1. Any residue in the range 91-114 that is touching a residue at least 60 places away in the same chain (Cβ under 8 Å) sitting within a Cβ distance under 7 Å of a residue that is assigned to a helix (DSSP H, G or I)? List the pairs, counting only those 6 or more apart or interchain.
2. Could you tell me whether any residue of the range 117-129 is in contact with a Ser or Thr (Cβ under 9 Å, 6 or more places away or on another chain), closer than 13 Å to residue 159 by Cβ and not charged (D, E, K, R)?
3. Please find, within the range 208-243, the residue that is surrounded by the fewest Cβ atoms within 10 Å (Cβ to Cβ) out of those that are touching a Leu at 6+ places or on another chain (Cβ under 7 Å) and at pLDDT below 80.
4. Go through the range 201-233 residue by residue and tally those that are in contact (Cβ under 8 Å) with a residue 24 or more places away in the chain and either more than 30 Å from residue 86 (Cβ to Cβ) or over 32 Å from the mean Cα position of the chain (by Cα) (or both).
5. Can you name every residue in the range 108-154 that is open to solvent by 20 Å² or more (accessible area, probe 1.4 Å) and of a type in the set (A, V, I, L, M, F, W, C)?
6. When residue 173 is evaluated against the numbered criteria (1) open to solvent by 20 Å² or more (accessible area, probe 1.4 Å); (2) over 24 Å from residue 38 (Cα atoms); (3) assigned to a strand (DSSP E or B); (4) free of Cβ contacts under 8 Å to residues at least 60 places away in the same chain, which criterion, by number, is the only one it fails?
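The values are calculated or read from the model by the stated rules, or taken from the named source; none is laboratory data. Quick caveat: nothing in here was measured; it's all calculated off a predicted structure. Using ideal geometry, Cβ is built from the backbone for each residue, glycine included, and neighbour counts are taken over all protein chains shown. For the accessible areas, the whole protein counts, side chains as well, though only heavy atoms, and no ligand, DNA or RNA atoms are used. Shrake-Rupley method; radii C 1.70, N 1.55, O 1.52, S 1.80 Å.
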Amino acid sequence: MKRAVEYLAQRSTIMTLVELTGAFEGIASLKISQIRRETLASQQFFADLWKIYKQIRVDELFHFGRLQNTGEVIKKELMILITAEGSFSGDVDRRLINRALAEYNPDKNAIIVIGHHGAVQLAQRSIKYEHSFKTPEQDLKINTAPLLAEVQKYQSTVVFYPQYKSLMTQEVRQIRLSAAVLERGRQVEDSEDIINEATYIFEPSTFAVVDHLENSMMQITLSEVLLESKLAQHASRFKAMSMARTRGDDNYSEMNILYHRAKRQEKDERLKEMINSMRGNLQ
């Protein structure tokens with residue numbers, strides 16, 4: 001049996017781990033709250049843009065902000081896979097990659113992966129991807145312009161990302177970008193203001209303003225998807241830290257029992273030695 005001082009050292013180490021996991025759990029919870037507030041703000045901004053866009057667009061089609069572009073569109077569907085930067089993401093990245101590859105056809109699809117963990121998994125399976133981006137380090141004010149530039153090169157885009165359901169549950173979801181923008185637009189109430197060329201001046205042209213609005217709404221939608229992914233990642237960390245803290249508490253309790261047991265045994269042994277010593281002296 002170990003000495004009490006050894007159990008005491010192990011108990012101290014476990015307590016430190018419990019405190020650290022509790023701190024990380026609190027940070028993840030704070031991040032989740034911040035992302036939720038940012039998502040609500042972006043949803044309101046999207047609604048304001050849609051009210052203008054709906055009244056001045058030239059048709060019912062969504063053009064990905066390409067009306068002013070002259071470049072040739074690639075006749076493929078772009079698949080954007082959003083994963084974690086590190087491997088600490090539970091099994092959601094593996095499930096996401098599996099789901100995306102079940103629909104992947106190299107003749108019809110191109111892949112862009114966000115997050116080093118996803119890029120590594122694709123490389124391990126010898127799947128070629130066009131570009132990889134780092135997962136945004138910050139949770140607020142995410143710059144999606146480079147990603148949007150890639151989206152506009154392709155005929156259509158589908159996004160695979162982890163969706164936050166609860167602190168203990170994260171699911172894989174996929175959306176088609178244009179359909180997602182239009183679906184969100186249908187949920188926005190009509191504006192009371194009349195916005196058209198008779199009441200407003202659009203510079204440099206109405207087509208340019210429509211393009212800009214489509215670009216902005218796609219950037220908002222991509223930002224919210226990335227925020228949703230970050231939310232799921234923080235929830236995964238929260239879950240992992242919560243489980244680690246619970247295990248740490250259990251280990252601490254067990255180590256505390258062993259420490260006191262060893263301490264009592266050492267006292268009993270010292271007492272026996274003292275009694276035996278006194279008996280020897282009496283003889």
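1. Between residues of the range 91-114 that are touching a residue at least 60 places away in the same chain (Cβ under 8 Å) and residues that are assigned to a helix (DSSP H, G or I), the close pairs are 92/232; 92/236; 93/117; 93/118; 93/121.
2. Of the range 117-129, the ones in contact with a Ser or Thr (Cβ under 9 Å, 6 or more places away or on another chain) are 117-122.
Applying the additional criterion that residues be closer than 13 Å to residue 159 by Cβ yields 118.
Narrowing the set further to residues that are not charged (D, E, K, R) leaves 118.
There is at least one residue in the range 117-129 that is in contact with a Ser or Thr (Cβ under 9 Å, 6 or more places away or on another chain), closer than 13 Å to residue 159 by Cβ and not charged (D, E, K, R).
3. 239
4. Result for the range 201-233: 13.
5. Within the range 108-154, 120, 123, 127, 133, 140, 142, 145, 149 qualify.
6. Checking residue 173 against (1) open to solvent by 20 Å² or more (accessible area, probe 1.4 Å); (2) over 24 Å from residue 38 (Cα atoms); (3) assigned to a strand (DSSP E or B); (4) free of Cβ contacts under 8 Å to residues at least 60 places away in the same chain, the one that fails is (2).
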